[in-house]
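Bear in mind that the values in this text are calculations on the coordinates, not laboratory data. Since we're looking at a predicted model, the values are computed, not measured. Cβ sites come from the backbone with ideal geometry, for glycine too, and all protein chains shown count toward neighbours.
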Amino acid sequence: MRILADANGKEWSVDLNTFVLQRLRNELKIDLMTIFETDLLKRLMDDIVLAVEVLYWVVKPQADRDNIGPEAFAIAMKGRYAQVHTVLAEEVHDFFSSQDRAKAAILRMAMTSMRTMREKTADKADELVTDQVIERMVESEVQKIFGEFTTSMQGLSASTPPA
């Protein structure tokens, strides 16, 4: 079981068990038992909307108890996306650890690989911002647009006869 705090400071107990897996099958048509035979892990890691929706159904009894619907839950997860991915992946790993150690090991390697890839992507984005590469690219494009606009405006004013 993991604890995840949302943007409002509310703590959610995240615990995967067979009943929760059944709830996900019934409500979302998602079968976590097929995570190794399908692209489900990749989808969960790539699609934060799906990951938050899955997490909502994992903690649904708590949400019901506190009268928190899916929209309010999703809003409360803003800024917690990395934690959502981590908690879900670790819970899936723990669930399979008790069932199939080989699958759990594969999942651990996949999680590590995805985390490394995310960190490298974030580092590269930081580098581009720090080095002002993006800013220079935007300035160049704006200059092209306004340069073309200015040139076309000059052509218009040159062809208009004086009054």
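Run the reach check for LYS120 against lysines, Cα to Cα strictly under 28 Å, same-chain hits fewer than 8 apart removed. What comes back?
The qualifying lysines are LYS42, LYS78, LYS103.
Taking Rg and Dmax of the Cα atoms in Å as the quantity of interest, determine which of (i) 24.2, 88; (ii) 17.0, 50; (iii) 16.1, 50 was computed from the displayed structure.
Correct label is (i).
Return the lysines within reach of LYS144: Cα separation strictly under 30 angstrom, same-chain partners fewer than 8 residues apart disregarded; answer none if there are no such residues.
List returned: LYS124.
Tell me the trypsin sites (Lys or Arg not before Pro) within region 61-117 that lie in a loop according to DSSP and have at most 15 other beta-carbon atoms within 10 Å.
Within region 61-117, the qualifying trypsin sites (Lys or Arg not before Pro) (loop, at most 15 other Cβ atoms within 10 Å) are LYS78.
From the phi of every residue in region 8-16, what ³J(HN,Hα) in whole Hz does the Karplus formula 6.51 cos²θ - 1.76 cosθ + 1.60 yield, where θ is phi - 60° and glycine or proline is x?
Result, rounded to whole Hz: 8, x, 6, 9, 10, 8, 9, 9, 8.
All other residues with a Cβ under 13 Å from the Cβ of THR116 taken together, and with Lys, Arg as +1 and Asp, Glu as -1, what is their net charge?
+3
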